[in-house]
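K.L.:
Sharing a structure, written as structure tokens. Questions coming.
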């Protein structure tokens, strides 16, 4: 495997982790939002990753970058709270809160941040190896 392929894989991984961080940030930003209806309430979102098998053309190609298939809404039920004095309460006195779990989102944020950081380090190490190889040729 060429070192140049490493850059393609780490670039795709950093892009995927960046999307994961942005999605987690969106979830955390909306954690305290409130709505009067189930359909209008913010639902937690999560990216879906996959190996980009289209890039694996031959048997000798062991380089398969990460592909972001999309972002899906969580299927967990929303939090419904009885609070008739709230300005957004519906006719029955209920408000709806997002299905965002603070602990899960913080763990996602730490994991995505560390994964991004590791990919930067792999890119840096590959760059240093290429530079060392060029120096040997002098």
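K.L.:
Going by average Cβ neighbours within 10 Å, how do the peptides 123-136, 19-32 rank, with the highest at the top?
P.N.:
For the peptides 123-136, 19-32, the packing ranking is 19-32, 123-136.
K.L.:
Just want the ordering: 105, 81, 17, from fewest to most Cβ atoms lying within 10 Å of their own Cβ.
P.N.:
Exposure proxy ranking, most exposed first: 81, 105, 17.
K.L.:
Now for a separate question. Got a sec? How would 82, 116, 38 order by Cβ neighbour count within 10 Å, fewest to most? Could you put the intermediate results ahead of the total?
P.N.:
Working: 82 10, 116 19, 38 13.
Fewest to most other Cβ atoms nearby, the residues stand as 82, 38, 116.
K.L.:
Starting from the Cα-Cα distance between residue 125 and residue 39, subtract it from 0.36 nm times their residue separation and give me the gain in nm to one decimal. Mind dumping the intermediate values first?
P.N.:
Working: separation 86, 0.36 × 86 = 30.96 nm, distance 4.79 nm.
Separation in residues times 0.36 nm, less the Cα-Cα distance, equals 26.2 nm.
K.L.:
Now for a different question. Which angle from 0 to 90°, rounded to the nearest 10, does the C-alpha axis of helix 3-29 make with the longest principal axis of the chain?
P.N.:
Orientation of helix 3-29: about 10 degrees from the principal axis.
K.L.:
Along Cα→Cβ, 7 Å out, is where each label goes; now give me the distance between the ones at residue 83 and residue 18 in nm to one decimal.
P.N.:
Rounded to a tenth, the inter-label distance reads 3.7 nm.
K.L.:
Can you tell me the relative contact order of region 45-130? Whole percent, Cα pairs under 8 Å, sequence separation 6 or more.
P.N.:
19
K.L.:
How large is the helix-only mean residue ellipticity at 222 nm for the chain, computed as the sum of -39500 (n - 2.57) over DSSP H runs with n ≥ 4, divided by its residue count, in deg cm²/dmol to the nearest 500? Working shown, then result.
P.N.:
On the way: 2 runs with 62 residues, N = 138.
So the helix-based figure for the chain works out to -16500 deg cm²/dmol.
K.L.:
Nearest 10 degrees is fine. How inclined is helix 102-136 to the longest principal axis of the chain, computing both from alpha carbons?
P.N.:
10
K.L.:
With a Förster radius of 41 Å, plug the Cβ-Cβ distance of residue 2 and residue 107 into 1/(1 + (r/R0)^6) and report the FRET value to the nearest 0.05.
P.N.:
The pair residue 2/residue 107 has a calculated efficiency of 0.70.
Since every read-out is calculated from the coordinates, none of them should be taken as a lab result. If you're wondering where the values come from, they're calculated on a predicted model, not measured in any experiment. Counting neighbours? That spans all protein chains shown, and the Cβs are built from the backbone with ideal geometry, glycine included.
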